[in-house]
Amino acid sequence: MKLDFVTSNSHKYEEISHYLQEKGYQCRWVRMKYEEIQADTTEEVSMASLNALENLIDGPFFLEDTGLYIKSLNGFPGPYSSYVMKSIGNEGILKLLEGMPRDATFITVVSFRDQKGKHQFRGECKGGISMEMRGKSGFGYDPIFIPDGEKKTYAEMTLEEKNRNSHRIRAMESFLSYLQEKS
Ligand code: ITT
C-alpha cells in the first residue's frame with residue numbers, strides 16, 4: 001500500500017519513509033510547504049493543516065505536526081516550536097533553562113484523511129534537555145533532546161536509533177494499527 005505524506009521537511013520524510021518501508025508500506029513524498037495556524041495544541045495545528053489541504057490533494061494523505069513541550073516553561077515552545085527554532089533556536093532554549101528543571105516531552109500528531117473521514121494519531125516521547133548541544137545528525141531540537149533511558153541526544157543517534165522509540169514513530173505505530181484494523 002502506498003501512503004502520501006505531505007511535508008516540507010526532508011528529515012521527517014526520511015524517518016517516516018524508513019519506518020513505513022520496514023512495515024511493508026511505500027511512502028510518497030508530497031513535498032509542499034503549507035501555512036500553519038497558531039493554536040494552543042499540536043492537535044489543533046495538525047487538524048487545521050489537514051483541513052487547509054483537503055481540497056488541494058486527491059485521495060488519502062497524511063501530515064504531521066510536532067512540538068517540544070518543556071515542563072518548567074509551562075509547555076513552551078509547544079505549538080510555537082517552529083517559530084522558536086527560527087528565532088532563538090537551541091542556544092536560546094539552553095539559556096532559558098539555566099538553573100531550571102529540564103524535563104521535556106516531544107509530541108507528534110499525525111492527521112490522516114481517507115474516504116471514511118479525518119483521523120488523528122498521537123505519539124509522545126518523554127525525556128530531558130541536555131546541558132549543551134551535542135551531535136550532528138537529525139534536525140531541529142535533536143541536539144538538545146535526550147529521551148528517557150538514553151545517554152545520547154537524538155542528534156548523536158543514527159536514524160534507526162532515533163526511530164526505535166521516538167514520538168514520531170509512536171504516532172505512526174498508532175496510525176498503522178488503524179490502517180491494519182480497517183483493512
Ligand atoms: P512540515 O512541513 O511538516 O510542517 P516543519 O519543519 O515545519 O515541517 P513542524 O512544524 O512539525 O515541522 O516542526 C516544528 C519545529 O519542531 C521545527 O522547528 C522542527 O525543526 C522541530 N522538530 C519537529 N520534529 C522534530 C524532531 O523529531 N526532532 C527535533 N526537532 C523537531
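Every number in this text was worked out from the coordinates using simple rules, so none of it is lab data. Bear in mind that the values here come from a model prediction, so they are computed numbers and not experimental data. Every residue, glycine among them, receives a Cβ derived from its backbone with ideal geometry; neighbour counts consider all protein chains shown.
When we measure straight from the Cα of Lys95, which lysines land under 16 angstrom away, once same-chain ones fewer than 8 places off are left out?
Hits, sequence-local ones excluded: Lys71, Lys86.
Return the lysines within reach of Lys151: Cα separation strictly under 18 angstrom, same-chain partners fewer than 8 residues apart disregarded; answer none if there are no such residues.
Qualifying lysines at Cα under 18 Å: Lys126, Lys136, Lys162.
Evaluate the Debye formula for the range 88-183 with equal point scatterers sitting on the alpha carbons, no solvent, and hand back log10 of I(q)/I(0) at q = 0.25 Å⁻¹, in q order, two decimals.
One equal scatterer on each Cα of the range 88-183 leads to -1.25.
What is the distance in Å between the Cα centres of the range 123-179 and the range 33-54?
First find each Cα centre; the distance between them is then 22 Å.
What is the local net charge at Ser81, summed over the other residues whose Cβ is closer than 11 Å to its Cβ (Lys, Arg +1; Asp, Glu -1)?
-1
How far is helix 167-182 tilted, in degrees, relative to the longest principal axis of the Cα atoms in the chain, given as a value from 0 to 90 rounded to the nearest 10?
Rounded to the nearest ten degrees, it is 20.
What full-extension length gain, to one decimal in nm, is calculated for Phe139 and His11 as 0.36 nm per residue of separation minus the Cα-Cα distance? Before the final figure, lay out each step's value.
Working: separation 128, 0.36 × 128 = 46.08 nm, distance 0.69 nm.
Working it through step by step, the gained length comes to 45.4 nm.
What's the ranking of 102-109, 31-38 by average number of surrounding C-beta atoms within 10 Å, highest first?
Ranking, from highest mean packing down: 102-109, 31-38.
Just want to confirm a number: the relative contact order over the range 1-96, from Cα pairs under 8 angstrom separated by 6+ residues, in percent.
Details: 105 pairs, mean separation 23.7, N = 96.
Dividing the mean separation by the residue count of the range 1-96 yields 25 percent.
I want the antiparallel fraction of DSSP beta bridges within the chain, as a percent rounded to 5.
Values: 27 of 34 bridges.
That works out to approximately 80 percent antiparallel.
Treat the chain as a sphere of radius equal to its Kirkwood radius over Cα pairs and apply Stokes-Einstein at 20 °C in a medium of 1.002 mPa s; give the translational diffusion coefficient in µm²/s, rounded to a whole number.
128
Connecting C-alpha atoms closer than 10 Å in a GNM of the chain, tell me which of Tyr141, Tyr25, Tyr154 has the biggest fluctuation.
Highest fluctuation among the options: Tyr25.
How high is the relative contact order of the range 103-183, in percent, counting Cα pairs under 8 Å that sit 6 or more residues apart? Before the final figure, lay out each step's value.
Values: 139 pairs, mean separation 24.4, N = 81.
Contact order relative to length: 30 percent.
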